[in-house]
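> Got a structure for you, questions after.
Each reported figure results from applying straightforward, stated rules to the coordinates on display, with no laboratory input. Predicted model only: the values in this text are computed from it and were never measured. FYI the Cβ positions are ideal-geometry reconstructions off the backbone, even for glycines, and counts take in every protein chain you see.
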Amino acid sequence: MAEFRLRRDPFGRLVLRLSDGTEHAGVVPVRAFPIAAPDEGLALVGAEGHELAWVDRIDALPAEQRALLEEDLASREFVPRILAIRAVSSFATPSTWSVDTDRGPTELVLEGEEDIRRLARGMLLIADRDGVHYLVRDLNALDRSSRRLLDRFL
């Protein structure tokens, strides 16, 4: 991992200062594996789209730099995690689901069973009618009622 420093300029953009003293304004952090391993592998990409620095683990960074990166990532990434499934309108699709997420309760419309994708290690990615993707981080961590409702669609 290259030595660097991050700060915000007066316009709110991230500025990367490399160990050789060069500065790059407007860098963008990009996760290598945003779903499967969000804390591992992060590239800092310059305005021209070239990787300027690599971070093996975001939690290995000093707290101030980690906070800047996490703040920037949170403003661009929107993948709510489903914590519980409260109800489904029907077991045929399309159906409306009432769910609790890490961002609060919401409803999503599942167009078809093919909109539920199985990922590695018991994770699911569910796409709703509006193109929002919801993540179930650990299928086995859901309560029994949620798993029972979800099983009807898997």
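> With +1 on each Lys and Arg Cβ and -1 on each Asp and Glu Cβ, and nothing else charged, work out how big the dipole of the chain is about its Cα centre, in Debye to the nearest 20.
Charge dipole of the chain: 460 debye, to the nearest 20.
> Over every pair of different alpha-carbon atoms in segment 4-76, take the mean of 1/r and invert it; report that Kirkwood radius in Å.
By the Kirkwood definition, the hydrodynamic radius is 12.3 Å.
> Report the calculated FRET efficiency for Val15 and Ala60 (r = Cβ-Cβ distance, R0 = 25 Å), to the nearest 0.05.
Approximately 0.75, to the nearest 0.05.
> Which loop-located chymotrypsin sites (Phe, Trp or Tyr not before Pro) does segment 65-140 contain, where loop means any DSSP state but H, G, I, E or B and the Cβ has at most 14 other Cβ atoms within 10 Å?
Taking segment 65-140 and a limit of 14 other Cβ atoms within 10 Å, the loop chymotrypsin sites (Phe, Trp or Tyr not before Pro) found are Phe78, Phe91.
> Taking the simple approach of a point 7 Å from Cα along Cα-to-Cβ for both Thr106 and Arg118, what is their distance in nm?
A separation of 2.6 nm, rounded to one decimal place.
> Over the chain, what is the relative contact order in percent, taking alpha-carbon pairs closer than 8 angstrom and at least six residues apart?
13
> Based on DSSP H runs of at least 4 residues, each adding -39500 (n - 2.57), what is the mean residue ellipticity at 222 nm of the chain after dividing by all its residues, to the nearest 500 deg cm²/dmol?
About -4500 deg cm²/dmol.
> Which length gain, in nm to one decimal place, applies between Val30 and Ala84 when the Cα-Cα distance is subtracted from 0.36 nm times their residue separation?
16.6 nm
> So, one more: Write down, largest first, the equivalent ellipsoid semi-axes of segment 105-154 in whole Å, where each equals the square root of 5 times an eigenvalue of the alpha-carbon gyration tensor.
So the equivalent ellipsoid measures 17, 13, 11 Å along its semi-axes.
> Now for a separate question. Quote to one decimal, in nm, the extra length available between Arg8 and Ser145 on full extension: 0.36 nm per residue of separation minus the C-alpha distance between them.
Result: 44.8 nm gained on full extension.
> Between Rg and the Kirkwood Rh of segment 36-154, both from Cα atoms, what is the Rg to Rh ratio?
We get a ratio of 1.06 for segment 36-154.
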